[in-house]
Structures are given as structure tokens and as C-alpha cells.
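Have a look at the structure below, then the notes.
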Amino acid sequence: MHSFRYVDGSLKCEGVDLTSVAESVGTPAYVYSAETIRGNYRRLDAALAPLSDRMICYAMKANSNLSVLNLLVKEGAGFDIVSGGELYRVLRAGGRADRCTFAGVGKTAEEIDYALRQGIYSFNVESEEELERINEVAGRAGLVAPIAIRVNPDVDAPTHKYISTGKSKNKFGIGLDRAASVYARAASLPHLRIKGLQTHIGSQILKAPPFAEAITKLTPLVLELKSAYGLEFFSIGGGVGIVYHDSLESGDPAWWDSGSGERLTPEAYAAEVVEPLKVLGLRILFEPGRFIVGNAGVLLSTVLYRKSTPTKNFVVVDAGMNDLIRPALYEGHHEIEPLVQPTSATLEKVDVVGPVCESGDFFAQDREVPVLSPGDRIALMSAGAYGFVMSSTYNARPLLPEVLVEGDKATVVRERQTWDDLIRGEKIPD
């Protein structure tokens, strides 16, 4: 259960009134629930417990605040990283490189060298040329690089085209038809050690069968590689979806089917994938991101203006697409809840938009929401994943503060940028 609910007419995160947070730090601002993050991790870990040799590597691209990472370090999580900067963050948060897998299609030589020297658990390799690059960098450093190859099983996972990664037309991974020969090439390179096989079919996937299909398609190859090269692990990636619609009313951060309204729990997901994975006799890695933090965060905002045209009614708020780009980028849905619970059931159809000078700067279009007036504060729900991490200073708007709630305590874990911060490091030539 996530930790955002109305209590005595006020929207609270755990034991903290979100109106008090808005008053103390201002809006817009991100707020995260530590209880929800821990609960999501523990629930998934418990569901996967029949796999005695497992490692949950949190995909930190979803939310990389140091306080969030530190919570998960204390829970025993590993980390799925996609840059040298993300590895640096893990280390600063108290994590270990030997519990990190390094993914991504464009690793630089500098990042590879840094990860090698820190003792990375494995590189997830995306192309033949990357194999050669890692071998070259490892050779110069006098080290042997642990690698897994990301194999694309060509599974069609029903999700938005921008976050689908498992089809042959996507930029990620090696095709299943070529994987064996690429592994043979890796085995011939002197500064590489084959350690595993990795796959990832996409993000915000709302049904379990595509994951099971990927496992089934890859199992013969996994067993072949285990026999040939002593494979140690199989990573099935992440990608499980979360509640976005009706997220406050449901109170349940489990995966959601937008068509039928049925929810696929972590237990049901595990029931689908655990048995075919157990027979492999390998360490199994999972790389959840959104599931851990998505429903653990909200974006607080204040209504600035109302505007009407002959065809539209607009509610203008102080948060913008630069703060939360999901709706503009791939029509991501976020429920909109007033911080003070409405006493009337009246709804109005409006566009909720921000102040950024783009027509794509919206959070809802033709959505029925409670009647909102200037000065009202709202929460954009389920904003804990791919929110702050994808934000920018477009229109010279400072980056937002992040607040972590634990029980009845709210801590600013990232300060709001100032206008001076916006120009720090810039100079005008003489």
C-alpha cells in the first residue's frame, strides 16, 4: 500500500500534511515517501524469495536522489546504472560497485575505465563494437572486465513505442539469432570474462506473459552458454508497470491493467516467472525502477490562473513540462488531487497546463477534475519515477526541491535551485 491518503480532509504523505510541505518549501516541489519505497522493495523481494540466489538491482535512472539510493542500500539492493555519474551517485549514497550492473548503448571509454577500477559487477554489453571497446580499455588498465551481453528476444511487450526495447527494430541489445556468435567473439577477447546474459523488453508493461515469453525464448541459449562458458547469472531486466489511473483511490502500487482494471500483484508476477528461472541453476537478477519509486512520489503545484476560450477551459499551474515531462513526452497519465479534499463532488472538464512556452506543456487534457481556483494546491500523483531525473531548466526555470518523508518528519533532500545557480559556470568572453 502506498502512503498518500486523505486524513481529516487533508492529503497526507505518511504522517505529514502535504499542505505544510507546500507552505514550508514552496511549489512546485517533489515529495517522496520512504515507507512506500521500502514497502515496494520488500514486497517484491518477498515474492521472489523462492529464488534463493537473486539480486534486485534498482534501476536508478527512475529516481537517483541520494536519499532514495541510501534507503535501498540499507535494504540490500544492488543497482542498475547507465552512466558513470550514476555509479558515482551509488558510491556517494553508500552503495558498492560490485553490486552494480552497467547498462546503456553508449558507454564512453572514460566511464568504462572508471567502472572497472571501482570493481563493477558486470557490464551489460549492447553491441559488438562495445565488446571491443571494453576489451581495449580493460587491457590498458591491466584488468579483466566482467561482461554480460544484452540479448534482444524480439518480444512484443504492449507499451508505448518510446519505452519498448525488446523488438528487433529497437536500438538495444543483440538479436537472438546472432547472440551465440557474439558470445564466441567475447570468449576470444583476452581482457573479458563472460559472466552472464541480460535482457530487458521494455518499460511500464502491464501484463506478466511477455516476461515469461522472453524467459522461454532465451532459456535454450542460457543453458548453452552456461555449459560453454560457465555462465553465472541471468538478468531478466525490469519494466513492470505501476498504477497511474486512480492511483490515490486504489492505494495499491501494484501493476495495473488499464483495459480490465485488474491488478497483477508482485506475487502473481513471481508465480509466472520464478519456476522457469529456478531450473536454470543460476543467480537471477531483476532490475525494477518504476515499481520501486513510481507511486512513492508526488509533484506539488499551485494553481495560478483560470482561462477560458470558446472551446476550452484551462487551469494554469506553477509546475511545467520542464519539471515533469512524461505527459508531453509520451502522454503519461498522472492523477490530479487537491491537497484539501473537495467537499463537493462537482467536476469540470479542463486542460491543466503549465507556464512553459510550449503547446505541449500540459498535465491533463479534457480531464474531469475537481473545481480548482487560483491559490489551490494540487498533487500530481505517481510522480516518483522519471520525474525529477528528467527535468530541466528550460525557460530558465530552476530545478525543484525534493523532500523525503519518513513518518511524521519531512526533510529537504535537495534544495531548490536559485537564479544564481542557473548561470553558475557561465561566462561572457572579454
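Here are some notes:
- Residues in segment 165-186 that are at pLDDT 60 or above and among the β-branched types (Val, Ile, Thr) were compared, and the one that is surrounded by the fewest Cβ atoms within 10 Å (Cβ to Cβ) is 182.
- Taking segment 270-319 as the range and being part of a strand (DSSP E or B), free of Cβ contacts under 8 Å to residues at least 60 places away in the same chain and hydroxyl-bearing (Ser, Thr, Tyr) as the test, only 308 passes.
- In segment 353-384, residue nearest to residue 329 (Cα to Cα) [restricted to those that are surrounded by fewer than 19 Cβ atoms within 10 Å (Cβ to Cβ) and hydroxyl-bearing (Ser, Thr, Tyr)]: 359
- Of the residues making up segment 292-340, those that are among the aliphatic types (A, V, I, L, M), buried (at least 17 other Cβ atoms within 10 Å of the Cβ) and under 22 Å from the mean Cα position of the chain (by Cα) are 292, 293, 296, 298, 299, 300, 319, 321, 324, 325, 328, 336.
- Given (1) under 27 Å from the mean Cα position of the chain (by Cα); (2) surrounded by fewer than 22 Cβ atoms within 10 Å (Cβ to Cβ); (3) not small (Gly, Ala, Ser); (4) not in a strand (DSSP E or B), number of the condition residue 343 does not satisfy: (1)
- Checking segment 103-112 against the condition returns no match, with no residue being in a strand (DSSP E or B), charged (D, E, K, R) and either under 24 Å from residue 232 (Cα atoms) or outside the structural domain of residue 388 (by TED's automatic domain parsing) (or both).
- Selection within segment 15-61 - part of a helix (DSSP H, G or I), touching a helix residue (DSSP H, G or I) at 6+ places or on another chain (Cβ under 6 Å) and surrounded by fewer than 19 Cβ atoms within 10 Å (Cβ to Cβ): 43, 47
- In segment 47-60, the residues that are touching a residue at least 60 places away in the same chain (Cβ under 8 Å) and not hydroxyl-bearing (Ser, Thr, Tyr): 47, 48, 50, 51, 53, 54, 55, 56, 57, 59, 60
- Residue check, residue 348 part of a strand (DSSP E or B) and at pLDDT 95 or above: yes
The values are calculated or read from the model by the stated rules, or taken from the named source; none is laboratory data. From a predicted model like this one, the values you see are computed outputs, not experimental measurements. So basically every Cβ, Gly included, is an ideal-geometry build from the backbone, and we count neighbours across all protein chains shown.
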